[in-house]
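The structure under discussion appears below in the form of structure tokens.
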């Protein structure tokens, strides 16, 4: 039986606190290009949140004034699995809530990240039973030229899953993702669960027009179920 609503989840920062291991992997790959010291975790977490990988590499190259080849997008993947396993762990609250919602809604992941990274992240935090590879979407996997903040990825997911945009809810932790959700005419709910600076992030999300913001997995559950009414 078809489910009436679709929930699209961002991955990094929404389903898992994966920004640190993924950014560490990228910094390791960038090291050989002689990047300046200010290109560090703080820079990536503060100035680059939510950017698609090609846009991220372009920004780093412009800010550091160093020619960085796009091949670094593949070079850093070798560091990802070990760092994810070192830094990520299963969040029992996330597992509990997502397994419950999975029985009620059609759910998919919509991420600007590399497909390999997203799949490995979902696996590392114990969510593979909820998010099979077939419901993990990235611009790379979908063959899209634009990631968030363009609405293309979210619109592609809704169409592929057989839903109208008005029947989809997006959970996002970045202004970039929130903008994409609104541009796709979807209901957007913010989340600050895994942020190191939740108050700052909440202010940024509200500046994008996000009204509902979850600070815990129980609040996510409540907002998701309320949206169904």
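For the range 108-129, taking the residues that are touching a residue at least 24 places away in the same chain (Cβ under 8 Å) and part of a loop (DSSP other than H, G, I, E, B), the one that is farthest from the chain's Cα centre (by Cα) is identified as 129.
Determine whether residue 181 is in contact with a strand residue (DSSP E or B) (Cβ under 8 Å, 6 or more places away or on another chain), within 28 Å of residue 87 (Cβ to Cβ) and crowded, with 18+ Cβ neighbours inside 10 Å. Yes: the conditions hold for residue 181.
Across the range 78-105, the number of residues qualifying as in contact with a helix residue (DSSP H, G or I) (Cβ under 6 Å, 6 or more places away or on another chain), surrounded by 17 or more Cβ atoms within 10 Å (Cβ to Cβ) and either modelled with pLDDT of 95 or more or over 28 Å from residue 219 (Cβ atoms) (or both) comes to 6. Being over 30 Å from residue 218 (Cβ atoms) and either touching a strand residue (DSSP E or B) at 6+ places or on another chain (Cβ under 8 Å) or in contact (Cβ under 8 Å) with a residue 40 or more places away in the chain (or both) is the filter here; which residues of the range 25-50 pass it? Of everything in the range 25-50, those that are over 30 Å from residue 218 (Cβ atoms) and either touching a strand residue (DSSP E or B) at 6+ places or on another chain (Cβ under 8 Å) or in contact (Cβ under 8 Å) with a residue 40 or more places away in the chain (or both) turn out to be 25, 26, 28, 29, 30. Pick from the range 27-52 the residues that are within 16 Å of the chain's Cα centre (by Cα) and more than 30 Å from residue 102 (Cα to Cα): which of them is modelled with the highest pLDDT? Among those that are within 16 Å of the chain's Cα centre (by Cα) and more than 30 Å from residue 102 (Cα to Cα), it is 44.
For the range 165-178, filtered to residues that are free of Cβ contacts under 8 Å to residues at least 40 places away in the same chain and surrounded by fewer than 20 Cβ atoms within 10 Å (Cβ to Cβ), the residue that is nearest to the chain's Cα centre (by Cα) is 165.
Of the residues 130, 118, only one is at pLDDT 95 or above, crowded, with 18+ Cβ neighbours inside 10 Å, closer than 17 Å to residue 6 by Cα and touching a strand residue (DSSP E or B) at 6+ places or on another chain (Cβ under 8 Å); which? After ruling out the rest, the residue left standing is 130. Total residues in the range 202-224 satisfying the condition of being surrounded by fewer than 23 Cβ atoms within 10 Å (Cβ to Cβ) and in contact (Cβ under 8 Å) with a residue 60 or more places away in the chain: the figure is 5.
The values are calculated or read from the model by the stated rules, or taken from the named source; none is laboratory data. A quick note: this is a predicted structure, and the numbers were derived from the prediction, not measured. Using ideal geometry, Cβ is built from the backbone for each residue, glycine included, and neighbour counts are taken over all protein chains shown.
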